[in-house]
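Data block below; observations after.
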Amino acid sequence: MEHRPKSFYRLVIGISTVTAFLFACQPKQPVDNFSSDPTQHMLPKTDRNYGHTSGYIEDVPVPEYRWASRKAYEDFNDMKFGVRIHWGLYSITQQSKESWPYLKIPHAEKQAYNELYKTWNPQGFNADQWMNLFADAGMKMFAFTTKHHEGFSMFDTKTRVKRRVNYSASGGPVIEDCDLAYSIMETPFKRDVVKELTDAARKKDIKIDLYFSHPDWYDADFRPYVWHPLQVPSSDSLTVRGPDLKPQDQTHWGDVGSVRTPDASPEEIDRMMKRHRDQLVELLTNYGKIDMICLDMWFGPTIWPKLRETMLELRKIQPDVMFRARGIGNYGDYYTPEGFVPGDKENTNVPWFVIYPLGRFFSYEKDSAEHKGAKWIVENILDCAAKGGNFMVGVGPDGNGTFHPEAERQLRQTGSWLKVNGEGVYATRARDASSWKEGDSIRFTRSKDDKTIYAHCFVWPGEQLVLKTVNPEKGAKIYLLGNDTPLEWEQNAAGELVIKTPESLLNAVPEDLRLAYSFKIEN
């Protein structure tokens, strides 16, 4: 053994002590507790879907729960524009309002609807063509219905339905035993469209949002939650149908009414929650990185503890997936105003994505005249972005897997506009306080570093654009996006910014891009 002098050991101890001291003196890096801070994740009390569950889901989640990371939220807020696709058995018959009419049709028609999967073979479906369309439209994400309320799974689920309704049984509908996945893999098509779509989306760098309905109207184990066709004696205490509806409201069932059955047994309830969890695990396990899970509807107070356990388990699989808040309250990462844009900036830190159909419904719109137009899409994108949110347009394909030509035309026109003006949309943020707009036809966004303000005009301003809330420094440059020539400007005696916008500037804008006019202002 080699012997060292005592002076050597003193030197080592001295260096260690100094090193420890210097390390202790280093400024501590702030701990980013965003994923565990409830104050950052409280839904607005005005959100209708928050109201459906606020009576039984705790406002402050359990301590062990984590939301997605700050980066995931930042990426979400960068997207600004995406598409929501409803495609399922209801597309075969071009049924309006997705699977909702199922509740009101006679029992014989329900039985026929449940058998539609045996004939479905959409040979026009091509995932790459879908993603090419979305990329051309300037979309940064897509949301796809993996399972709507009627219970048909559009993916290769290994779970099994064990009890269903026979609506054509002698003497009236009865619950019967069965054993099937009730999925697209049991159709003549036999292709996992979720796998094909997620693979195709990654080629285009398009983010993935998988829609999943909590209720399941095919699986009898899921009775009676929300508006299941099967209701039970304890329905009023088990399920909540929202603060604006009476417990026994028949609106959704119509004249046909619901089918009265016995309460589900503890075994059926356990089987329901296991299948529900297993399907969500499949979606988060079998398809690579998923950016968002779009949960829909809700269950009820007795089931909530089991659903909460599901959420804790799902977080372990993909910690950064963003969950839509429906059915899980403040455990959600984002929420979706539906069919309208909030009238003002939302008073919450929770990000949001407006969902709004291009036609009358989220599913296939067969009437060309009902498609709202590219200008409508662009104005909604700008209105949402100015208020700090995102916009998702709803477009559904037909039963063959192809989109309406008019929908495609309007989406591509939107994409052409975004190709020129997207700098003022993508990865921008809202201005402070009420400065997100001036009047009814001007919206503002800003760059993240606050060095640039974008003024978006829904109509051409005429010979000059006058802005009251923008004060650029002397020598700042101002452009109309798509035009490289700096515009002349001044500040008038009232302190307003006056930008000269001669008719020649408008004439340089192609007709199909006159959807809105975006001005870039160095701040």
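DSSP beta bridges confined to the chain are antiparallel in about 50 percent of cases. The three principal axes of the C-alpha atoms in region 356-486 carry coordinate ranges of 58, 31, 25 Å, sorted with the longest axis first.
For region 270-310, the residues whose amide N sits under 15 Å from a probe point set 7 Å from the Cα of SER234 along the beta carbon direction are 270-273, 300-306. May I ask you to list the residues of region 299-341 whose amide nitrogen lies under 11 Å from a point 7 Å from Cα along the Cα→beta-carbon direction of TYR56? Residues 299-307 qualify, since their backbone N sits under 11 Å from the label point.
Full extension of the segment from VAL256 to GLU176, taken as 0.36 nm per residue of separation minus the current Cα-Cα distance, would add 26.7 nm. Counting neighbouring Cβ atoms within 10 Å and putting the fewest first, the residues ASP78, ASP512 line up as ASP512, ASP78. Given a Förster distance of 22 angstrom, what is the FRET efficiency for ALA135 paired with LYS289, based on the Cβ-Cβ distance and rounded to 0.05? Efficiency, from the Cβ-Cβ distance: 0.75. In this calculation the C-beta distance from ASN492 to ARG412 is compared with R0 = 41 Å, giving a FRET efficiency of 0.50.
Quick check: convex hull over the Cα atoms of the chain, volume per residue in Å³, rounded to an integer? Spell out each step's value before the answer.
Values: hull volume 120.0 nm³, N = 523.
Roughly 229 Å³ of hull volume per residue.
Using C-alpha pairs below 8 Å separated by at least 6 residues, the relative contact order for the chain is 17 percent.
Dimensions of region 437-522 from C-alpha coordinates, computed as largest minus smallest value along each principal axis and given longest first, are 32, 28, 27 Å.
Longer than 29 Å from Cα to Cα, which of LYS45/LYS468; LYS207/LYS366; LYS118/LYS204; LYS140/LYS316; LYS372/LYS419 are they? Say none if no pair is. In this structure, LYS45/LYS468; LYS118/LYS204 lie more than 29 Å apart at Cα.
Extension gain, GLN94 to ASN483: 0.36 nm times the residue separation minus the Cα-Cα distance gives 135.7 nm. Under 5 Å from the amide H of ASN286 lies no amide H of any residue 5 or more positions distant or on a separate chain, with H modelled from the backbone and absent for Pro and chain starts. Per residue of the chain, the DSSP helices (runs of n ≥ 4 H) give a summed -39500 (n - 2.57) that works out to -8000 deg cm²/dmol at 222 nm.
Cross-link list LYS448/LYS520; LYS500/LYS520; LYS97/LYS387: which exceed 19 angstrom alpha carbon to alpha carbon? Intermediate values should be presented prior to the final figure.
Working: LYS448/LYS520 14 Å; LYS500/LYS520 13 Å; LYS97/LYS387 28 Å.
Violating the 19 Å Cα-Cα cut-off are LYS97/LYS387.
If R0 is taken as 22 Å, the Cβ-Cβ distance between LYS203 and ALA427 corresponds to a FRET efficiency of 0.55. Using Cα pairs closer than 8 Å and at least 6 residues apart in sequence, work out the relative contact order for region 437-522, in percent. Relative CO of region 437-522 lands at 38 percent. Taking amide H as placed 1.01 Å from N in the peptide plane, the amide H of ARG84 sits under 5 Å from that of ALA143, VAL393, GLY394, VAL395, each at least 5 places away or on another chain. Overall, the ratio between the Cα radius of gyration of region 116-225 and 2.2 N^0.38 Å, rounded to two decimals, is 1.26. Of all DSSP-defined beta bridges confined to region 329-481, some 55% are antiparallel rather than parallel.
No value in this document is a laboratory result; all are computed from the given coordinates. Predicted model, so just to flag it, every value in this text is computed and none were measured. Reconstructed Cβ throughout: ideal geometry from the backbone, glycine too, with neighbour counts over all protein chains shown.
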